[in-house]
1. Is one or more of the residues making up segment 219-237 modelled with pLDDT of 90 or more, under 15 Å from the mean Cα position of the chain (by Cα) and of a type in the set (Gly, Ala, Ser)?
2. Between residues in segment 206-217 that are at positive phi and in contact (Cβ under 8 Å) with a residue 24 or more places away in the chain and residues that are buried (at least 17 other Cβ atoms within 10 Å of the Cβ) and part of a loop (DSSP other than H, G, I, E, B), which pairs lie under 7 Å by C-beta distance while being six or more apart or on different chains?
3. Scan segment 51-82 residue by residue and report those that are under 19 Å from the mean Cα position of the chain (by Cα), under 14 Å from residue 161 (Cβ atoms) and surrounded by fewer than 24 Cβ atoms within 10 Å (Cβ to Cβ).
4. Residues to consider are 14, 38; find the one that is free of Cβ contacts under 8 Å to residues at least 60 places away in the same chain and closer than 13 Å to residue 138 by Cβ.
5. Collect the residues in segment 83-100 that are assigned to a loop (DSSP other than H, G, I, E, B), within 16 Å of the chain's Cα centre (by Cα) and either more than 20 Å from residue 33 (Cβ to Cβ) or not hydrophobic (A, V, I, L, M, F, W, C) (or both), keeping them in residue-number order.
6. Out of the residues in segment 1-24 meeting the condition of being surrounded by 20 or more Cβ atoms within 10 Å (Cβ to Cβ) and either aromatic (Phe, Trp, Tyr) or modelled with pLDDT under 80 (or both), tell me which one is farthest from the chain's Cα centre (by Cα).
7. Write out, first by first residue and then by second, each pair whose Cβ atoms fall under 6 Å of each other, whose residues are 6+ apart or on separate chains, and whose first residue, in segment 101-117, is farther than 21 Å from residue 36 by Cα while the second is outside any helix (DSSP H, G or I) and among the hydrophobic types (A, V, I, L, M, F, W, C).
8. Kindly evaluate residue 160 against the criterion of being surrounded by fewer than 21 Cβ atoms within 10 Å (Cβ to Cβ), at pLDDT 95 or above and in a loop (DSSP other than H, G, I, E, B).
Amino acid sequence: MTEFAHDQVVPEKNSGLSKKEQVAGMFDNIAYRYDFLNRFLSVGIDVHWRKTAIKLLKKSNPETLLDVATGTADVAIMAARILQLRKIVGIDISEGMLSFGRKKVTTQGLDHLIELLNGDSETILFGDNSFDAVTVAFGVRNFQHLEKGLSEIKRVLKPGGKLVVLEFSQPKAPIIKQCYQLYMNVVAPGMGRLFSKNRNAYKYLDESIKKFPEGKNFTTILDHLGYTNTYCKPLSFGICSIYCGEK
């Protein structure tokens, strides 16, 4: 498996823990503020991004969906409202995030449809060809081994099944890029420290975005792993991108 620059980006450079362990611990620590900070720092546009990504699955009419790095289950819950699904499984390595997600699922009366499990993208505990579709929202940057995670996702997808990845990217237009860099370098870490007492989480966010193989580089990885009909759809001046591929 190829190693990518972002695979080496970790929340704490001097920690003896693996990236996977550090990321799980980081999200455990910010779980209680995660939803609030997502809405606040994105001015609510992250909801539109998720909705746009999920709607790309409508034409294929999936019955079963796996949401990898489900966090507090935003995508799983939204998918339950938008798609006609029979079963949704969300997996995440952070038990702290999952606990908040389970409360949201129960509050919205979706326990019959959504199951949230502690699970790792690189060792998905389901058999081959298990799901009609897989989603990953803002999670692929956190994979310890990107290709391994994407290969596992392809394994559990049914033939003809679709992968939809939503991930941050870097805008290319000069003025937008300058504003974005100011925001990521100053505003987001400051707000993260103020509201979650964890500045490192937002420094890690910025560093992992900068080193992530975005755009054509990411679809090339999908192509290399055997996905077909791959493409990239930039959103909001390139601040975020949707990547799609099929098995």
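The values are calculated or read from the model by the stated rules, or taken from the named source; none is laboratory data. Being a predicted model, the structure only gives us computed values, none of them experimental. Please note: Cβ atoms are built from the backbone with ideal geometry, for glycine as well, and neighbour counts cover all protein chains shown.
1. Within segment 219-237 (the criterion being modelled with pLDDT of 90 or more, under 15 Å from the mean Cα position of the chain (by Cα) and of a type in the set (Gly, Ala, Ser)), the answer is no, since none of the residues qualifies.
2. Between residues of segment 206-217 that are at positive phi and in contact (Cβ under 8 Å) with a residue 24 or more places away in the chain and residues that are buried (at least 17 other Cβ atoms within 10 Å of the Cβ) and part of a loop (DSSP other than H, G, I, E, B), the close pairs are 215/169.
3. 56, 57, 64, listed by residue number.
4. 38
5. Residues of segment 83-100 that are assigned to a loop (DSSP other than H, G, I, E, B), as a first pass: 83-86, 93-94.
Filter once more, keeping what is within 16 Å of the chain's Cα centre (by Cα): 93-94.
94 - this is the single residue of segment 83-100 that is assigned to a loop (DSSP other than H, G, I, E, B), within 16 Å of the chain's Cα centre (by Cα) and either more than 20 Å from residue 33 (Cβ to Cβ) or not hydrophobic (A, V, I, L, M, F, W, C) (or both).
6. So the residue we want is 11.
7. Here the result reads 113/88; 114/88; 115/89; 117/91, each pair linking segment 101-117 to a residue that is outside any helix (DSSP H, G or I) and among the hydrophobic types (A, V, I, L, M, F, W, C).
8. Numbers: surrounded by fewer than 21 Cβ atoms within 10 Å (Cβ to Cβ): yes; at pLDDT 95 or above: yes; in a loop (DSSP other than H, G, I, E, B): no.
No; evaluated as a whole, the condition is false for this residue.
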